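Participant: Handing you a structure now.
The values are calculated or read from the model by the stated rules, or taken from the named source; none is laboratory data. Quick caveat: nothing in here was measured; it's all calculated off a predicted structure. So basically every Cβ, Gly included, is an ideal-geometry build from the backbone, and we count neighbours across all protein chains shown. Quick note on the areas: whole protein, heavy atoms, side chains included, nothing else; ligands and nucleic acids left out. Shrake-Rupley method; radii C 1.70, N 1.55, O 1.52, S 1.80 Å.
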Amino acid sequence: MRSASEEPVPLHEEFIYCCGAATHVLKCGPWKDLSKDESKNLPRLLFMIIPGNPGLAGYYRTFIQALYCGLNQQYPVWVVSHAGHCKPPSGMEMIEDTDIKELEDVFGLNGQVEHKLNFLKKNVSKDIKLVLIAHSIGCYITLEMMKRASELQVLRSVLLFPTIERMAQSPQGKLMTPLLCKLRYVLYMPVYLLSFLPEGVKASLVRFALRGMKTCDESSITTSVNLFSLDCIANILYMASQEMMKVVERDSTTIKQNLKKLIFYYGTGDKWCPQHYYDEIKMDFPDGDIRLCEKGLRHAFVLDASKEMAAMITDWLRDDLTKL
């Protein structure tokens, strides 16, 4: 395997309806359709990214490109946005105009789990093995996917900065829970007013908000402009409010059943999943592959450390991939 190349990386972008909700998909590699069982050109393995919240696929653009190159461009790497977190292109609504009854509460936490399972069912052949790479609340979603759909051929699940327990009790959760669960509607008015600003002004505001970073991924800045959309923010905050209420106990049963497939990566100064969460899960599962970050990466690693994280993951999976 090699580090991310400077050569252009094939990147395919789609806006689709999944479970009736607008969904943004970024596909790295020449493989655009993995649903045809009879095709002889299907890859053996798909790397699928389950994002955190905000679940905008654009935040992971640099990450999937670096991962694809680090894998010697041998496997497709896809990232699927959360339902309703992307701003649909002109002519596309946030919810599909159809008489077919789609998933109830698709924008909620449970709905996002079913949304990912539905995407796989409709877009990926059941014969293709999966490496699920999840970030933050995406780790909770991934464990739920493995619990609900044991037929999935998951080779490995890499859980980065996993918010899989006691979110409301974490340092950041204690701060954000009252805002998300009781006062989130207060945020809608300023977002609505800011949505009328020119795109260039919005980008300047994002740059100002991220000014403290030494290096900030340019794709993160352009993606963050989506956060000036009232529909996107409403769906993002609604999902976040459910996270505070529903992500309480760690699902140790599912972890135990899938322990050999899981890699956990905790941060040392992570206010969403503090280090004592790492200490406790390490004690409960001493045989698990549970790692503590030694590089000082932030919870939102996609803002400034996508290439570094991709390089680590390709190294972790080296042995698994040589056995394919």
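Participant: Regarding the chain, what is the average projected area of its C-alpha convex hull, in nm²?
Facilitator: Result: a mean projected hull area of 16.9 nm².
Participant: Here is a follow-up. Please give the charge dipole size of the stretch 163-244, origin at the Cα centre, charges +1 on K and R Cβ atoms and -1 on D and E Cβ atoms. Round to the nearest 20 debye.
Facilitator: For the stretch 163-244, the charge dipole is close to 320 debye.
Participant: While we're looking at this one, here's another question. Once each part is reduced to its C-alpha centroid, what is the distance from the stretch 8-33 to the stretch 264-324 in angstrom?
Facilitator: Rounded to whole Å, the Cα centres lie 26 Å apart.
Participant: Along the positive direction of the dipole of the chain (beta-carbon charges: Lys, Arg +1; Asp, Glu -1; about the Cα centre), which of Pro190, Thr254, Leu317 reaches farthest?
Facilitator: The listed residue farthest towards the positive side: Leu317.
Participant: Could I ask something else about it? Length gain on complete extension for the stretch Leu292 to Lys129, per 0.36 nm per residue less the alpha carbon to alpha carbon distance?
Facilitator: Numbers: separation 163, 0.36 × 163 = 58.68 nm, distance 2.71 nm.
The span from Leu292 to Lys129 would gain 56.0 nm if fully extended.
Participant: Report P(r) for the stretch 194-279: all Cα-Cα distances, bin width 10 Å, range 0 to the bin holding the largest distance, values in whole percent.
Facilitator: Reading upward from the zero bin: 13, 27, 32, 22, 6, 0.
Participant: Let me ask something else about it. Could you work out the pair-distance distribution P(r) of the stretch 102-212 from its alpha-carbon pairs, with 10 angstrom bin width and percents rounded to whole numbers?
Facilitator: Bins of 10 Å from zero give 11, 28, 30, 24, 7 percent of pairs.
Participant: Using only the alpha-carbon atoms, what does the stretch 129-191 span along each of its principal axes? Please give whole angstrom values in decreasing order.
Facilitator: Over the stretch 129-191, Cα extents along the principal axes are 44, 24, 18 Å.
Participant: Figure the gain on full extension for Ser90 and Glu199 (residue separation times 0.36 nm, minus the Cα-Cα span) and round it to one decimal in nm. List each step's numbers first, then the result.
Facilitator: Working: separation 109, 0.36 × 109 = 39.24 nm, distance 1.50 nm.
Result: 37.7 nm gained on full extension.
Participant: Further question on the same structure: By per-residue mean of other Cβ atoms within 10 Å, what is the highest-first order of 223-231, 18-26, 269-277, 205-213? The partial results should precede the final answer.
Facilitator: Numbers: 223-231: 20.1, 18-26: 22.8, 269-277: 17.4, 205-213: 12.1.
Final packing ranking: 18-26, 223-231, 269-277, 205-213.
Participant: Oh, and also: Assign unit charges at the C-beta atoms only (+1 for Lys and Arg, -1 for Asp and Glu), then state the dipole size of the chain relative to its Cα centre in Debye, rounded to the nearest 20. Don't skip to the end; give the middle numbers.
Facilitator: Details: 38 positive and 38 negative charges, 111 e Å.
Roughly 540 debye for the chain.
Participant: Leaving ligands, DNA and RNA out of it, report the carbon-plus-sulfur percent of the accessible area of the stretch 170-324 at a 1.4 Å probe. List each step's numbers first, then the result.
Facilitator: Values: 4930 of 8560 Å².
Carbon-and-sulfur percentage of accessible area, whole number: 58.
Participant: Per Stokes-Einstein, at 37 °C and 0.692 mPa s, what whole-number D in µm² s⁻¹ belongs to the stretch 48-93, with the Kirkwood radius over Cα pairs as the hydrodynamic radius?
Facilitator: Numbers: Rh = 11.6 Å.
It diffuses with D of about 283 µm²/s by this estimate.
Participant: Here is a further query. Assuming 1.567 mPa s and 4 °C, estimate D for the stretch 246-324 with Stokes-Einstein, Rh taken as the Kirkwood radius over Cα pairs, in µm²/s.
Facilitator: For the chosen part, D equals 92 µm²/s.
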